[in-house]
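The values are calculated or read from the model by the stated rules, or taken from the named source; none is laboratory data. Since the structure is predicted, the reported quantities are computational estimates derived from the model, not experimental observations. Note that each Cβ is placed from the backbone with ideal geometry, even for glycine, and that neighbours are counted across all protein chains shown. Keep in mind that these areas ignore ligands, DNA and RNA; they rest on the heavy atoms of the full protein, side chains included. Shrake-Rupley method; radii C 1.70, N 1.55, O 1.52, S 1.80 Å.
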Amino acid sequence: MQIITSHIITSWSEVDQLKKSWNTLLHQSDADNIFLTWQWIDSWKKTCSANTKPFFVILKQAEQIVAIAPFYIQPYRLFKCINYNVLRFAGDQGIGSEYSNFIVKQEHSIALKEQLWSALVASHKKSHWDIIWYSNVASWTRGGETLIAALNKTKKLKQQSREVEFANTDLEKISEQILPSLSKSLRTNIKQTQGYLSRQGQWQVSFCDNPAQLEEELQELFTLHNLRWQKAGLQGSFARRPEMAAFYSHFVPRALQQGWLRLAKLECEGITQAMQIGYVYQEQFFALQEGFNAEFQNGVGQVLRYHVFQQCLKEGLTDYDFLGQYTDHKRRWLAEKRNGHNLMIWPNSIKNIIFNVMTIWPTGRYFNPL
């Protein structure tokens, strides 16, 4: 067997050189999802902060890339006095990424992922980083299982984990007409809202497939999403996170070109009243963001979701994935809870002794990004 060597990539120009082999390797992996595609990672790379420092670990065998672990370095401060370099997974902030994982050849998944963890341990000794904050692991999948199994075999790394919730509707359990499967109250809401729309005049649900109209419709989504949250006295994601809007503007045309995009809108008398954006990948629909006119008829967002579900069933998709958080709203749409994990990972060092005796997550008041 030929020797496998590890390499650390710390410049964006080196990351660009991974383009040719990235998706080919991803399709051979046990973690093939849209959030790990080259198009997604590259769009994040091109729209993230100019200060973002890449830290990608790759494994090569006979000059062929067989494994990729894409991280970046985020400075943190503990107790307002101790600085840490924290490794975070590429794209994990501000753009809606989920299901983080290493990209490796499936037939040697655990062994290659263990080598990536070991390569990270070796790089720590050179003072590149202090701890790893690894979020949104899909623990119920084969890819999530092998990632955690490989971590558990890497004895030089310690960890804390906590469960995080995801929500998914299994479309294969639903008949061609989803409406009879829903609760009486939700069915009534959808029917009454559709009746209201019909009384207002002509209404329709459509999906954008015209590149020339894409930017205009994307801006409509941003506006409706922000107005929805302003009505509740809050800022919407696109207003609160300019990097998210920039990412969408960059990624969405690429998704349309690949056939992944599902940008749906509901119009009544020529005026857009609700929109939803998601992506289809590996026969699954991933619901990302939505917006609706809060001054219009209550329930218009539910009607749009109903028609998106109908489209998913028409396409023969297997899942409608709501992604992070399991809520009562998602439960009403027949979603079931999935338990994933967030991980805090660290090697032994004097600086990290505190993590051996205290449970500290980089999401509270004691440990914050700089």
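Tell me whether segment 1-74 comes out rounded, prolate or oblate; compute the Cα gyration tensor, take square roots of the eigenvalues as a ≥ b ≥ c, and use a/c under 1.5 as the rounded threshold. It is oblate, given that a/c is not under 1.5 and a/b is not larger than b/c. Here is the tail figure for segment 65-118: Cα pairs spaced more than 17 Å apart come to 51 percent of all pairs.
These residues, Ser100, Ser206, Ser13, go from largest to smallest accessible area, 1.4 Å probe, as Ser13, Ser206, Ser100. Dividing the mean sequence gap of close Cα pairs (under 8 Å, 6+ apart) by how many residues segment 233-370 holds gives a relative contact order of 13 percent.
In vacuo Debye scattering of the chain, one point per C-alpha: log10 I(q)/I(0) at q = 0.10 Å⁻¹? Per q value, in the given order, log10 I(q)/I(0) is -0.69. A dipole drawn for segment 1-157 from +1 and -1 charges on Cβ atoms has a positive end, and of Ser11, Asn83, Ser29 the residue lying farthest that way is Asn83. Does segment 227-293 come out rounded, prolate or oblate, given a ≥ b ≥ c as the square roots of the eigenvalues of its C-alpha gyration tensor, rounded meaning a/c under 1.5 and, failing that, prolate meaning a/b above b/c? In terms of gyration-tensor shape, oblate. Distance from the Cα centroid of segment 185-212 to that of segment 117-154 is 46 Å (rounded to whole angstrom).
The relative contact order of segment 1-143 comes to 27 percent, based on Cα pairs under 8 Å that sit 6 or more residues apart. Shape analysis of segment 233-370 yields a ratio of the Cα radius of gyration to the Kirkwood radius, Rg/Rh, of 1.07. Be a star and scan segment 283-305 for residues whose amide nitrogen sits under 12 Å from the point 7 Å along the Cα-to-Cβ vector of Gln200. In segment 283-305, the label zone of Gln200 (backbone N under 12 Å from the point 7 Å along Cα→Cβ) covers 292-304. Only beta bridges with both residues in the chain are counted; by DSSP, about 90 percent of them are antiparallel. Where Rh is the Kirkwood radius over the Cα pairs of segment 315-370, the temperature 10 °C and the viscosity 1.306 mPa s, what D in µm²/s does Stokes-Einstein return? Result for D is 105 µm²/s. The distance from the alpha carbon centre of segment 348-368 to that of segment 1-79 is 26 Å, rounded to a whole number.
Phi-derived couplings, Karplus 6.51 cos²θ - 1.76 cosθ + 1.60 at θ = phi - 60°, listed residue by residue for segment 273-287: 10, 7, 9, 9, 10, x, 9, 10, 8, 6, 6, 10, 9, 10, 8 Hz, with x used for Gly and Pro.
Note down the net charge around Glu215, summing +1 for each Lys or Arg and -1 for each Asp or Glu among other residues with Cβ under 15 Å from its Cβ.
-2
The Cβ shell under 13 Å around Phe292 holds other residues with a net charge of 0, Lys and Arg each +1, Asp and Glu each -1. Computed over segment 78-212, the range of Cα coordinates on each principal axis works out to 69, 40, 36 Å, biggest value leading.
For segment 285-329, averaging the sequence separation of C-alpha pairs within contact (under 8 Å, six or more residues apart) and dividing by the residue count gives a relative contact order of 62 percent.
With all distinct Cα pairs included, what does the Kirkwood hydrodynamic radius of segment 157-201 come out to in Å, to one decimal, could you say?
Computed over Cα pairs of segment 157-201, the Kirkwood hydrodynamic radius comes out at 14.3 Å.
For segment 6-147, the fraction of C-alpha pairs more than 20 angstrom apart is 44%.
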